[in-house]
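For reference, the structure discussed in these notes is given below.
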Number of protein chains: 2
Amino acid sequence: MFRATGNYGLLQGNYLFSEIAKRIEAYVAKNPDADIIRMGIGDVTRPLVPAVVSAMHKAVDEMGAKETFRGYGPEQGYAFLREAIAAGDYHARGVEVAADEIFVSDGAKCDVGSIQELFGENTVVAVTDPVYPVYVDTNVMAGRAGKYDAKKGGYEKIVYLPCTQENGFVPELPATPVDVIYLCYPNNPTGTTLTKAQLKVFVDYANKNGALLLYDSAYEVFISDPDVPHSIFEVEGAKTCAIEFRSFSKTAGFTGTRCAYAVVPKTLEYKDDTGSTVSLNAMWNRRHCTRFNGVPYITQMGALATYSAEGRAQVLESANYYMENARIIKAGLEQAGYAVFGGENAPYIWLKVPGGDSWAFFDELLKTKQIVGTPGAGFGNAGEGYFRMTAFASRENTKRAVERILTSTR
Amino acid sequence: MFRATGNYGLLQGNYLFSEIAKRIEAYVAKNPDADIIRMGIGDVTRPLVPAVVSAMHKAVDEMGAKETFRGYGPEQGYAFLREAIAAGDYHARGVEVAADEIFVSDGAKCDVGSIQELFGENTVVAVTDPVYPVYVDTNVMAGRAGKYDAKKGGYEKIVYLPCTQENGFVPELPATPVDVIYLCYPNNPTGTTLTKAQLKVFVDYANKNGALLLYDSAYEVFISDPDVPHSIFEVEGAKTCAIEFRSFSKTAGFTGTRCAYAVVPKTLEYKDDTGSTVSLNAMWNRRHCTRFNGVPYITQMGALATYSAEGRAQVLESANYYMENARIIKAGLEQAGYAVFGGENAPYIWLKVPGGDSWAFFDELLKTKQIVGTPGAGFGNAGEGYFRMTAFASRENTKRAVERILTSTR
């Protein structure tokens, strides 16, 4: 008799963004004419850049002609894209990453959710708090998190590393032994960053303790500060303890086009549960080959176009557009008297909620200003008291949102 | 200290198609001028049909314009595609499937590999033998298969249902209790089918014993026999015991374009490991939302085009082209004196290997005829003694392969 896993029953409520969507839907049902400005979900609004559009048209034509049609591609991604990534995102910054350490996928969310399939039994996972929910939920679904402990404000087996105004949003090293640490920098949701020196503390910890770092740098394109690394592999020692996740979603507006990649160094060697030494690169390769069938050729050709001089310039123009939005939001919120963090090397602004109840602030902002943001509590216990706004709206809507916030007293 | 899972170490050798690729590569290295005809991997060769190409161009333009750009879509797929699938693939055959029972994905391989994430502890899995390797390997990687037992010719905890010439390639019901049965019809690799009456035996078994059927009908477009069901939901009772997997890969040549879907009826209710009653539709929805971010809009628009009258006609023309190849191969092999199965409602021809050693036959066919097929042993113990040839080559290559087989004695 079939029994389903009981682990899904341990998940707390709905996936954060589904809950937000539901609340918006309920509000719109009652207020059908509401002019809502969405600064909640981290979704881009600018179209694919011309270089990408042109490359994809060409690829569609190739797929429509007998001579140039392509069926199954390599599960790991076409060599042309893996090589362009190695050259454009790594060699250009003086970082040695080989093409066969790069695995192209259909999303960083998919990759960070799947990577835990490689974990051994009894793996202890640490996450920063607040945290992108996927890191935690995928471990809950795999039975690795234990039960939710309301008193702790988190899952019993997960180690949380609080990032708050008090520690300048820089996590401390875990106080108890952990095997894996998920890090996201530039950070979602706080928009804050780690300097190379701050990140080196984690790399040294991981190498010393045999831990594994999972580094999500989906927002690296927004970095302007030269002290902030774009890749964890800019930090000495990272290639023996870290996997990096990158995405074209925010870089090139691919949220609805789906392309990302993971970098799994061949120097990453650990023991497995049986005591054998294993290569995580080989394991991830096997995982990719067995459970994935590659990213569409058309999409990979679009991603490739972002590495041409023309494509690169167009993509950076979009990133700058969003970062100007971030500047406008940050300045507006500060003018309105809020304490505001992030927003300088990341498209997220993290504001301190007066009164401290972030879902109440969500509801109030929706009701009184018709602005949608994301309540910090949705990202974890230490996120309560904060609120995330994104810079991905249009310039016009960004300005209108700031005006609405400034035009009446709080 | 991080430990990787030991389960990957239990996998037997390379993924089948990687091993084949390696042997071809070695042969080509020694014989650079060899004119190889590939009838091994089940990959299509005909280009995307004009209706799909035109829909994708339109979608690329939409993604390149501010007014029509789309970011994150629904993880489950756009309503337009889910509704077209429900109407075109189910209602048109008198089968009631609702749009919210359909989950669009980037591949049936991905879906059949991920579905085991919903299984409870101690789930006993049955597969037909020979079998599409992904069903087994994904359970091995999740630690559900136990060790490989060379004497048994399979994994200790997996129940194998042999399909051979002796039983007409119709599996018998499991002799010991099982919780899940993977069925693929039209079958990969044998190319054989089950009639509605034969499939009903499994549906009745599942309903009686509370088992779950996982029905992979990725090849349904090739069915011409009116007694052979296209969907398991044509069989009474299936909506309380079965999940169905479908793909645009073979139907519409999407192997390099990536679109598929799973049908998870809302009537599928089981207990979970804690004794709670759970909906597999709700669980799969949660899985999709947490670990997946949807199929590219451009791809979904391409898939939608296969449901227009024009698209449907073009797609069926391609399917007929491949089935004419199957007829040519089958006739040629029979003329050459082989015992041949399948190939009538499926693009796969399953031939009995003289002598019985299928990898030796693979090597010999490559060496003497420069034809690539797939050794039956790669699909499981009961596949030994057989060999798979596919109908996906061009007409010209199909004819040339048959000529080569006929022009010299075996």
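The values are calculated or read from the model by the stated rules, or taken from the named source; none is laboratory data. Worth saying up front: this structure is predicted, and the values here are computed from it rather than measured. Reconstructed Cβ throughout: ideal geometry from the backbone, glycine too, with neighbour counts over all protein chains shown. Accessible surface is based on the protein model in full, side chains and every heavy atom, while ligands, DNA and RNA are left aside. Shrake-Rupley method; radii C 1.70, N 1.55, O 1.52, S 1.80 Å.
For the range B:279-325, with all protein chains present and a 1.4 Å probe, just round the carbon and sulfur fraction of the accessible area to a whole percent. Present the calculation step by step, with values, prior to reporting the outcome.
Details: 750 of 1360 Å².
After summing per-atom areas, the C and S share lands at 55 percent.
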note = Rounded to the nearest 0.05, FRET efficiency between A:Glu67 and A:Lys271 (Cβ-Cβ, R0 56 Å) equals 0.70
ask   = Distances over 17 Å make up what percent of all Cα-Cα pairs in the range B:208-282?
value = 53 percent
task = Mind ranking B:Val28, B:Val136 by accessible surface for me, highest first, 1.4 Å probe?
result = B:Val28, B:Val136
Accessible area (Å², 1.4 Å probe, nearest 10) - A:Leu213 = 0 Å²
ask   = To the nearest 500 deg cm²/dmol, what mean residue ellipticity at 222 nm is calculated for chain A from DSSP H runs of n ≥ 4 alone, each contributing -39,500 (n - 2.57), summed and divided by the residues?
value = -10500 deg cm²/dmol
remark   = Among B:Pro47, B:Pro226, B:Pro130, the residue with the largest mean-square fluctuation in a Gaussian network model of chain B built from Cα contacts under 10 Å is B:Pro226
note = Residues whose built amide H sits under 5 Å from the amide H of A:Ala211, excluding neighbours closer than 5 in sequence, are B:Phe2
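Evaluate peptide A:252-263: per residue, the Cβ atoms of other protein chains within 10 Å of its Cβ; return the mean as an integer. Please report the intermediate quantities before stating the final value.
Values: counts 0, 4, 3, 8, 14, 8, 12, 1, 1, 0, 0, 0.
Rounded to a whole number, the mean comes out at 4.
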ask   = Tell me, what is the FRET efficiency for B:Thr176 and B:Asp227 to the nearest 0.05, using R0 = 30 angstrom and their Cβ-Cβ distance as r?
value = 0.50
request  = Compute, for A:Met301, the solvent-accessible surface of its heavy atoms (probe 1.4 Å) with the complete set of protein chains present, and express it in square angstrom to the nearest 10.
outcome  = 30 Å²
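Which three semi-axes in whole Å describe the equivalent ellipsoid of the range B:168-217, each the square root of 5 times a Cα gyration tensor eigenvalue, listed largest first?
Details: eigenvalues 68, 24, 21 Å².
Result for the range B:168-217: semi-axes of 18, 11, 10 Å.
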request  = Give me the distance in nm between label points sitting 7 Å out from Cα along the Cα-to-Cβ direction at A:His91 and B:Lys399, one decimal.
outcome  = 4.6 nm
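Where does each of B:Arg93, B:Arg3 land when they are ordered by accessible area, with a 1.4 Å probe and the largest first?
Numbers: B:Arg93 105, B:Arg3 85 Å².
Heavy-atom accessible area, descending, gives B:Arg93, B:Arg3.
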request  = Describe numerically, in nm with one decimal, the distance between label points set 7 Å from Cα along Cα→Cβ at A:Arg327 and at B:Glu364.
outcome  = 7.5 nm
task = Please express the Cα-Cα pair-distance distribution P(r) of the range A:359-406 as a list of whole percents, one per 5 Å bin, running from 0 to the bin with the greatest distance.
result = 5, 21, 26, 24, 14, 7, 1
task = Run through the DSSP bridge list for the protein assembly as shown and note the antiparallel percent, rounded to the nearest 5.
result = 55 percent
key: Calculated from backbone phi, Karplus (6.51, -1.76, 1.60) coupling profile of the range A:95-109 in Hz, x at Gly/Pro   = 9, 8, 9, 8, 4, 7, 9, 10, 10, 6, 9, 8, x, 5, 4
ask   = Over the range B:122-204, what is the percentage of antiparallel beta bridges among all DSSP beta bridges, to the nearest 5?
value = 20 percent
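Please give the average number of partner chain Cβ atoms lying within 10 Å of the Cβ of each residue in B:277-289, rounded to a whole number. All intermediate terms of the calculation are to be shown ahead of the outcome.
On the way: counts 1, 6, 1, 2, 0, 1, 6, 0, 2, 7, 4, 0, 6.
For peptide B:277-289, the averaged partner shielding equals 3.
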ask   = Based on the Cα coordinates of the protein assembly as shown, what is the per residue volume of their convex hull in Å³?
value = 157 Å³
query = Which far-off residues, 5 or more places away or on another chain, put their amide H under 5 Å from the one on B:Ile371, with H placed in the peptide plane?
reply = B:Ile37, B:Leu366
query = Say we join alpha carbon atoms closer than 10 Å with springs in a Gaussian network model of chain B; which of B:Thr45, B:Thr299, B:Thr274 then has the biggest fluctuation?
reply = B:Thr274
remark   = Computed on Cα atoms, Rg of the range A:104-261 relative to 2.2 N^0.38 Å comes out at 1.00
Interatomic Cα distance distribution for the range A:262-308, bins of 10 angstrom, percent = 22, 35, 29, 12, 3
inquiry  = Residue by residue through the range A:311-316, what is 3J(HN,Hα) from phi via Karplus (6.51 cos²θ - 1.76 cosθ + 1.60, θ = phi - 60°)? Round to whole Hz and write x for glycine and proline.
reply    = x, 4, 5, 5, 5, 5
request  = Counting only C-alpha contacts under 8 Å and six or more residues apart, can you give the relative contact order of chain B as a whole percent?
outcome  = 23 percent
remark   = Normalised Cα Rg of chain A, dividing by 2.2 N^0.38 Å with N its residue count, works out at 0.99
task = Give a residue-ordered list of calculated ³J(HN,Hα) values for the range A:393-399 (Karplus: 6.51 cos²θ - 1.76 cosθ + 1.60, θ = phi - 60°; whole Hz; x for Gly, Pro).
result = 6, 6, 4, 4, 5, 4, 5
remark   = Averaged over residues of B:56-63, the number of beta carbons from other chains lying within 10 Å of each residue's Cβ is 6
key: Under 21 Å from the Cα of B:Lys157 - lysines, other chains or at least 8 residues apart   = B:Lys147
ask   = Looking only at the range A:29-73, which residues have a backbone nitrogen under 20 Å from a spot 7 Å from the Cα of A:Arg312 in the C-beta direction?
value = A:49-56
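Roll a 1.4 Å probe over the protein chains and send me the accessible area per residue for chain B in Å².
Working: 14720 Å² over 410 residues.
Per-residue accessible area for chain B comes out at 36 Å².
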remark   = hull vol. (C-alpha, convex hull) per residue for the range B:1-126, Å³ -> 298 Å³
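Based on the inverse mean of 1/r over its pairs of different Cα atoms, what is the Kirkwood hydrodynamic radius of the range B:274-345, in Å?
Values: mean 1/r = 0.0598 Å⁻¹.
For the range B:274-345, the Kirkwood estimate is 16.7 Å.
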request  = Would you look at the GNM of chain B, springs on alpha carbons closer than 10 Å, and say which of B:Glu25, B:Glu172, B:Glu244 moves the most?
outcome  = B:Glu25
inquiry  = Starting from the 7 Å offset along Cα-to-Cβ, what nm value, one decimal, do you get for the label separation of B:Ser279 and B:Gln165?
reply    = 5.0 nm
remark   = Accessible-area order for B:Arg286, A:Arg246, largest to smallest, probe 1.4 angstrom, reads B:Arg286, A:Arg246
